[in-house]
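Have a look at the structure below, then the notes.
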Amino acid sequence: MNPEIVGKHYPSTPEYLVGREKIREFAKATFHSDNSPSISMDAAKQAGFDDLIAPPTFAVVLQQQSLDLVIDDPEADLDFSRVVHGDQGFSFQRQIVAGDLLTSQLEVESVKQLGGNQMVAFLTKISDEDSQLVAEARSTLVVRG
């Protein structure tokens, strides 16, 4: 991984329309309650939402679109065959809801050497169609030496 890309901001991803069925599929794959506001419209409305709400980790779908730009960037020189996931975290300004039109933009925060491996930290900002911040995703990839 090229450490000179620290601080690089990648372009915003194309708009992603959050679909109700995508939320349901993701929720069913990650937890098993049929009465979740991520699966049931009744439960979502009882929770005060107009539509299904995405589980918190659904934000990784948007983050992955930004990460694909890094993977495809020759300047980054990232050998994805040597990558393992190191850490992941999310912070939210609001819930992601079915019908949201979202984009994401990634920044390379750091590239550090550690025991023959590189630790690469990313910050991805996820925004709605009004350019309002919805969530931030922080992740660290380990590029094995």
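Of everything in the stretch 108-135, what is among the hydrophobic types (A, V, I, L, M, F, W, C) and either farther than 22 Å from PRO14 by Cβ or loosely packed, with under 14 Cβ neighbours inside 10 Å (or both)? Give them in sequence order. Scanning the stretch 108-135 gives VAL111, LEU114, MET119, VAL120, ALA121, LEU133. With respect to (1) at pLDDT below 95; (2) closer than 22 Å to PRO11 by Cα, the lone exception for HIS85 is condition (2).
Pairs linking a residue in the stretch 32-44 that is under 18 Å from GLN95 (Cα atoms) to a residue that is of a type in the set (Ser, Thr, Tyr) and part of a helix (DSSP H, G or I), with Cβ atoms under 9 Å and 6 or more positions apart or on different chains, are SER38/THR30. At least 1 residues being over 24 Å from GLY7 (Cβ atoms) and of a type outside the set (Gly, Ala, Ser) is the threshold, and among the strands (runs of 3 or more DSSP E) wholly inside the stretch 37-145 those reaching it are 83-92, 101-114.
From the list GLN93, GLN105, the one residue that fits, being out of contact with any Asp or Glu (no Cβ under 9 Å at 6 or more places or on another chain) and either modelled with pLDDT of 95 or more or over 14 Å from TYR10 (Cβ atoms) (or both), is GLN105.
Considering GLN65, GLN88, the condition of being surrounded by 12 or more Cβ atoms within 10 Å (Cβ to Cβ) and within 27 Å of GLY116 (Cβ to Cβ) is satisfied by GLN88 alone.
So for the stretch 44-53 (the condition being surrounded by 12 or more Cβ atoms within 10 Å (Cβ to Cβ), of a type in the set (Val, Ile, Thr) and over 15 Å from the mean Cα position of the chain (by Cα)), does at least one residue qualify?
Yes - at least one qualifying residue is present in the stretch 44-53.
The values are calculated or read from the model by the stated rules, or taken from the named source; none is laboratory data. Predicted model, so just to flag it, every value in this text is computed and none were measured. Please note: Cβ atoms are built from the backbone with ideal geometry, for glycine as well, and neighbour counts cover all protein chains shown.
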